[in-house]
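Worksheet: one structure, shown below.
The values are calculated or read from the model by the stated rules, or taken from the named source; none is laboratory data. It should be emphasised that the depicted structure is a prediction, and the values quoted were computed from it without experimental measurement. FYI the Cβ positions are ideal-geometry reconstructions off the backbone, even for glycines, and counts take in every protein chain you see.
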Amino acid sequence: MAKSIKMADIAGRLGVSVVTVSKALSGQKGVSDEMREKIKQVADELGYVRTVQEKSEQSRKSYTLGIIVAERFLADNQSFYWSLYQEVSRNAVRKSCFTLLEVISYRDEEDCALPKVLAENKADGLVIMGSFGRKYINYLKTVSKKPLVSLDSFDVEGEMDSVVSNNMVGAYTVTNHLFEMGHRNIGFVGTRLATASIDDRYFGYLKSLMEHGVDLNNAWILDDRDRKTGRVDFEDFFVLPRENMPTAFFCNCDLSANLMIRKLKEAGYRVPEDVSVAGFDHFQDMQMPEIDLTTYEINVKRMARRAVHILTRKIENPDYFSGMCVIAGKFIPKRSVKQVGFPVPFV
């Protein structure tokens, strides 16, 4: 019986790697046209027969996915969007696609400058990661000839596909836990109207307060960032109440929760002995592990996988529309919340 020819045989004949042979025969990028032709020629000479899997891979098209994110979300200590981008990139590779990350400055957003990945026609589709101003989003929807998908934010007009975490339900779950631990005086840390995610988490917090018959105390609603630029600022924000300190704070993200713990400690409060703190997203900065933080974990892997799936489908079929996809997360109780009494019942 004649010996079955393998990719390694072709690679050995030409002095290249098996990966290079695989890319050349499956039509992937990363191989020069000259080398691709040589590999195909040698494969024919040796009588190489492609497997069913290889034929399937060759029929699968490869796309370049552009990803844009606001500069403010990649500031020091904000690891969430780096992690989200990495997951998008991993999922793109699994689909034989490539990613190009472009960071949009505040000025470019204000001036409605077209992202370079679109202006230079470098991407087949675009993932809009995180929140941008409505003016900028509307501009992109108007001028872009490429399909768009919003990740960790949504289009208020409902015209664009989006993938988001269940922010409201997650915040509601965390706040309910604080009530279950006996807390009744609960504050919120997060600048409202800064991002849609913060607003949704605030609404989840409000829903829990209302269901437990507790009135909102505006003195316990603390800003954590500049509403216009979105930059988290420890010095200018996180201003503690002057009197009647609540027994617990729910913070819109783990970064703000860690900064809040630091602010409380500087003011002489112990966490959780004097004040309990809970966060959201499960992306604590490793440089300030103040305490094991009660939080709500966002399912980043599933969000990224869904976003890549939607965008590649839209590239292949411009009429494809999935609407808003809400991804469930997971509540994680830790030591930053202390039991202070009996559970507060629902009204």
Worksheet item: Consider His177 against the criteria (1) in contact (Cβ under 8 Å) with a residue 40 or more places away in the chain; (2) in contact with a Gly (Cβ under 7 Å, 6 or more places away or on another chain): it satisfies all of them except one. Which criterion is unmet?
Response: (2)
Practice prompt. Considering only segment 185-201, state which residues are outside any loop (DSSP other than H, G, I, E, B) and touching a Ser or Thr at 6+ places or on another chain (Cβ under 6 Å).
Written response: Val189, Ala196
Fill in: All strands (runs of 3 or more DSSP E) inside segment 232-347 with 1 or more residues being among the β-branched types (Val, Ile, Thr)
276-278, 295-297, 324-327, 330-332
Worksheet entry | Out of Asp215, Asp233, sole residue that is among the charged types (D, E, K, R), over 15 Å from Thr294 (Cα atoms) and either crowded, with 20+ Cβ neighbours inside 10 Å or at pLDDT 95 or above (or both) | Asp215
Discussion item. List the helices (runs of 4 or more DSSP H) inside segment 79-167, counting only whole elements, that have at least 2 residues being among the aliphatic types (A, V, I, L, M) and without any contact (Cβ under 8 Å) to a residue 40 or more places away in the chain.
Written reply: 134-143
Fill in: Failed item, numbered, when Phe283 is tested on (1) under 22 Å from Gln86 (Cβ atoms); (2) at pLDDT 95 or above; (3) among the aromatic types (Phe, Trp, Tyr)
(2)
Worksheet entry | Set Arg192, Arg184: member being assigned by TED's automatic domain parsing to the domain that holds Phe280, basic (Lys, Arg) and under 20 Å from the mean Cα position of the chain (by Cα) | Arg192
Item to complete: Go through segment 23-36 residue by residue and tally those that are among the acidic types (Asp, Glu) and either touching a helix residue (DSSP H, G or I) at 6+ places or on another chain (Cβ under 8 Å) or modelled with pLDDT of 85 or more (or both).
Response: 1
Item to complete: Just name the residue that is nearest to Leu259 (Cα to Cα) out of those in segment 324-336 that are exposed (fewer than 13 other Cβ atoms within 10 Å of the Cβ) and out of contact with any Pro (no Cβ under 8 Å at 6 or more places or on another chain).
Response: Lys330
Practice prompt. Output the residue which, of all residues in segment 85-141 that are within 18 Å of the chain's Cα centre (by Cα) and over 22 Å from Arg305 (Cα atoms), is modelled with the lowest pLDDT.
Written response: Gly133
Item to complete: Take the residues in segment 60-70 that are at pLDDT 90 or above and either of a type in the set (S, T, N, Q) or farther than 17 Å from Ile298 by Cβ (or both), then tell me which one is surrounded by the fewest Cβ atoms within 10 Å (Cβ to Cβ).
Response: Thr64
Discussion item. I'd like to know if segment 312-319 contains one or more residues that are farther than 30 Å from Ile68 by Cα and surrounded by fewer than 22 Cβ atoms within 10 Å (Cβ to Cβ).
Written reply: no
Discussion item. Tally up the residues in segment 290-308 that are touching a residue at least 60 places away in the same chain (Cβ under 8 Å) and out of contact with any strand residue (DSSP E or B) (no Cβ under 8 Å at 6 or more places or on another chain), please.
Written reply: 3
